[in-house]
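Working notes for the structure below.
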Amino acid sequence: MDGSRTSLDIEEYSDTEVQKNQVLTLEEWQDKWVNGKTAFHLEQGHQLLKKHLDTFLKDKSGLRVFFPLCGKAVEMKWFANRGHSVIGVEISELGIREFFTEQNLSYTEEPITKIPGAKVFKSSSGNISLYCCSIFDFPRTNIGKFDMIWDRGALVAINPGDRKRYADTMLSLLGKKFQYLLCVFSYDPTKHPGPPFYVPHAEIEKLLGKICNIHCLEKVNAFEERHKSWGIDYLFEKLYLLTEK
């Protein structure tokens, strides 16, 4: 790794438009699951979330926690084990089934009448419900508001042209005194087309700043050997906490 790129104080890349026309279809995302191209999945869970989780939750109980584009995130079990209600949305039915299987959770499934072709998978314990549908169809379920959103791998996966629509969807799901936890990546977007797509701080402000206070909790070096194949020489991950203004 280039020594000049090792500092966490590196400036963000200035051209925020370079990836604006990049598009992945829902079918392409489903194919990633079928073909096992899910390097974005973290088998041990997200370490920054684990580090800060008790601070976020404090002594709260019975929170409604939303996981957009949840995949088979093990963190869903973390929240459920602490007595919170977890709702996720994922386009891949395979990813949802793998979650329940790998976490040794029995579940039921049923169609979502308001969204043709969609299903909801519910743990037998009742505190995890995963909706298999597009994130943009999800509000039609009238699921209500959430106390917390864990957005890791969602905003950075949404096609850049759909970001405003996505952000508006997230804002519509937030309840009072919410905590919106957001992870994004910094790298040179001229060298890698994404996903994950590059989301600079200014973009977060533009999308969510009218309603949210935006605070960067931590920035870490996330560069691994596998990222060399992306053509980049640095990758930073930033964890944000967004709260009600």
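In this structure, the amide hydrogen of Phe178, modeled 1.01 Å from its nitrogen in the peptide plane, lies closer than 5 angstrom to those of Glu244, counting only residues at least 5 positions away or on a different chain. Based on Cα contacts under 8 Å between residues 6+ apart, region 44-244 shows a relative contact order of 17 percent. Taking Lys and Arg as +1 and Asp and Glu as -1, the other residues whose beta-carbon sits under 14 Å from that of Lys245 total +1.
Residue by residue, region 17-22 carries 3J(HN,Hα) couplings of 9, 4, 9, 4, 9, 6 Hz when phi is fed to the Karplus relation 6.51 cos²θ - 1.76 cosθ + 1.60 (θ = phi - 60°); x denotes Gly or Pro.
GNM remark for the chain: springs join alpha carbons under 10 Å apart, and the peak mean-square fluctuation among Asp59, Asp233, Asp137 falls on Asp59.
What residue among Phe138, Phe146, Phe56 shows peak mean-square fluctuation when the chain is described by a Gaussian network model with Cα springs under 10 Å? In the Gaussian network model the winner is Phe56.
In the set [x] 1.08; [y] 1.26; [z] 0.94, the label that goes with Rg/Rh (Cα atoms, Kirkwood Rh) computed for this structure is [z]. Only Lys, Arg, Asp and Glu carry charge here, each on its Cβ (+1 for the first two, -1 for the last two); on that basis the chain has a dipole of about 880 debye about its Cα centre.
Considering only Cα-Cα distances, which of the following residue pairs are longer than 30 Å: Lys77/Lys114; Lys60/Lys245; Lys51/Lys177; Lys32/Lys245; Lys145/Lys210? Violating the 30 Å Cα-Cα cut-off are Lys32/Lys245. With a cut-off of 14 Å between beta carbons, the residues surrounding Pro139 carry a summed charge of +2, where Lys and Arg count +1 and Asp and Glu -1. Using just its DSSP H runs of length 4 or more, each adding -39500 (n - 2.57), the chain gives a mean residue ellipticity at 222 nm of -6500 deg cm²/dmol after division by all residues. Accessible area ranking (1.4 Å probe, heavy atoms, ligands and nucleic acids excluded), largest first, for Arg64, Arg163, Arg226: Arg226, Arg64, Arg163. Local charge for His46 was computed over the other residues whose Cβ lies under 10 Å away, with Lys and Arg +1 and Asp and Glu -1, and equals +1.
A cut-off of 5 Å between modelled amide H atoms, ignoring neighbours fewer than 5 places along the same chain, links Lys20 with no other residue. Rounded to the nearest Hz, the phi-derived 3J(HN,Hα) couplings of region 149-163 under the Karplus curve 6.51 cos²θ - 1.76 cosθ + 1.60 (θ = phi - 60°) are 10, 10, 10, 10, x, 9, 4, 6, 9, 5, 3, x, x, 9, 4, where x marks glycine and proline.
Protection proxy ranking of 25-34, 124-133, 71-80, by the mean of other Cβ atoms within 10 Å over each peptide's residues and highest first, is 71-80, 124-133, 25-34.
Ranking Phe136, Gly36, Ile115 by Cα position along the charge dipole of the chain, where only Lys, Arg, Asp and Glu carry charges on their C-beta atoms, puts Ile115 farthest toward the positive end.
The values are calculated or read from the model by the stated rules, or taken from the named source; none is laboratory data. This one's a predicted model, so the numbers in the text were calculated from it and none came from an experiment. Glycine gets a Cβ as well: all are built from the backbone with ideal geometry, and neighbour counts include every protein chain shown. Keep in mind that these areas ignore ligands, DNA and RNA; they rest on the heavy atoms of the full protein, side chains included. Shrake-Rupley method; radii C 1.70, N 1.55, O 1.52, S 1.80 Å.
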